[in-house]
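Input: a single structure, listed below in structure tokens.
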Amino acid sequence: MEMKLTIRRVPTVVSNYQDDADKPRAGCGRNCLGHCCLPVSKLPLYAFKANPAKSSQEDAASAMSFVNILLTQWEDRMARGLFRYDVTACETKVIPGNLGFVAQLNEGRHLKKRPTEFRVDRVLQPFDPAKFNFTKVGQEEVLFQFENDAGDDSYFLNSAPITAVDRAPNVVAINVSPIEYGHVLLIPRVLDRLPQRIDPESFLLALQMAAEAASPYFRLGYNSLGAFATINHLHFQAYYLSVPFPVEKAATHHIPLSEDTMKSGVTVSKLIDYPVRGLVFEGGNTLNDLANVVSSACIWLQDNNVPYNVLISDCGKRVFLFPQCYAERQALGEVSQELLDTQVNPAVWEISGHIVLKRRNDYEEASETSAWKLLAEVSLSEERFEEVKAYIFTAAGLVQADEEEEASEGEEATYAPVPSHPLPVSEGCLVLQ
């Protein structure tokens, strides 16, 4: 008999229409992102250049344009009162220690939620149109369409018809329960109603957004089901935080690859001396190369029911992949009551070192030890991690170098700290089916 693991989940509200998603409606009655309204609507459009790696003297201005446009649009929605609370009023501090975990006190984020039963033992679940999804979002929450112009220049239009004639449009919308300034959702092909699962095309789109932003402080994140995604409709999150994430400062160990598998230019490392075990993918001759390798790894994880989180960093040049098992441990009663009482669900931002705390006492007493204790519960055991890594390498077509070749590379750890210059803007649980 199959055993179902469930957690009584109270998901974060990401749209003002989420609470009403299960209420019957006589027709649409408003401008939404569904088939009833979107195809004949006009929305702002950000068209990004086809080749973000192509450098020119206008690149800095283009990147600044993207930063300013996104934040200007985001602040406009704040002025309209579309957010559940003012995230800019939340207290934030860097916790003293080697890694510099970032703690935020966000007492408002868990006040307006609706209960649901969320299965944590299935990473892939079919899209359910009866539940909340992003086609039910009002168009006032959308900042712009995000489309490839297929040209050498990026541009922005305040109003444009839905431009993708051969497929559903990509949109960027606000998260009405933001974690940080500029918190948005990238929703690929919104009308296709894709479930929360990564594919090469959607992952490339996320890398293209990071590259277009061209800021080390603009990151994108992804949570699979079972790893604290709360909406089963394909989306990435993104926001600005003008300090390095602890995981970006963590030491890594380079994994030598055989010469035949290095043609893509993608290199792979693993994190060391960090509470959550993870892989780091970097480089690539093109964004497509990096997208293909990482998405192949993600596809293996989701097809084999391994929950995971992804952080896209360094302007799309660096990707962190974290297989995790916290929700499963929680369902099995293996997480201490002390950690459960914090109400922290360690998703991609928490794993990366930006920890959103919901109780003042937890915030005031936050330390590197307490952060490490929480995140250590997320990580696969060393044995399981190595097992998963081997499967991922096979799926991504990567072959680790043999013993002699690996020895010749040396065993030294490498570090890749994020640049510290300021932004020019405001501020053991492998589950197989």
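The residue list 81, 108 contains one member that is over 20 Å from the mean Cα position of the chain (by Cα), small (Gly, Ala, Ser) and modelled with pLDDT of 95 or more, which is 81.
Among residues of region 125-142 that are among the aromatic types (Phe, Trp, Tyr), those with a beta-carbon under 8 Å from a residue that is in a helix (DSSP H, G or I) at least six positions away or on a different chain give the pairs 132/18; 134/190.
Return yes or no: is residue 239 modelled with pLDDT of 95 or more and either open to solvent by 10 Å² or more (accessible area, probe 1.4 Å) or touching a Gly at 6+ places or on another chain (Cβ under 6 Å) (or both)? Answer is yes for this residue.
When the residues of region 354-379 are narrowed to those that are in a loop (DSSP other than H, G, I, E, B) and under 23 Å from residue 225 (Cβ atoms), which ends up most open to solvent (accessible area, probe 1.4 Å)? Applying the filter and picking the extreme gives 377.
Take residue 114 and decide whether it is modelled with pLDDT under 90 and either in contact with a His (Cβ under 9 Å, 6 or more places away or on another chain) or open to solvent by 50 Å² or more (accessible area, probe 1.4 Å) (or both). Judged against the criteria, residue 114 is a match.
For region 162-215, a residue qualifies if it is closer than 16 Å to residue 45 by Cα, of a type outside the set (S, T, N, Q), in contact with a Leu (Cβ under 9 Å, 6 or more places away or on another chain) and not in a loop (DSSP other than H, G, I, E, B), and the qualifying residues are 171, 172, 173, 174, 184, 186, 187, 190, 205, 209, 213. Restricting attention to region 293-315, does a residue exist that is under 20 Å from residue 209 (Cβ atoms), in a strand (DSSP E or B) and open to solvent by 10 Å² or more (accessible area, probe 1.4 Å)? Within region 293-315, not a single residue is under 20 Å from residue 209 (Cβ atoms), in a strand (DSSP E or B) and open to solvent by 10 Å² or more (accessible area, probe 1.4 Å). Only one of the numbered conditions (1) open to solvent by 20 Å² or more (accessible area, probe 1.4 Å); (2) at pLDDT below 95 is not met by residue 189, and that is (2).
Residues in region 243-284 that are of a type in the set (S, T, N, Q) and open to solvent by less than 40 Å² (accessible area, probe 1.4 Å) were compared, and the one that is nearest to residue 385 (Cα to Cα) is 269.
Residue-level analysis places residue 203 outside the set of residues that are open to solvent by 20 Å² or more (accessible area, probe 1.4 Å) and among the aromatic types (Phe, Trp, Tyr).
The values are calculated or read from the model by the stated rules, or taken from the named source; none is laboratory data. Bear in mind that the values here come from a model prediction, so they are computed numbers and not experimental data. Using ideal geometry, Cβ is built from the backbone for each residue, glycine included, and neighbour counts are taken over all protein chains shown. These accessible areas exclude ligands, DNA and RNA; they are computed on the full protein's heavy atoms, side chains included. Shrake-Rupley method; radii C 1.70, N 1.55, O 1.52, S 1.80 Å.
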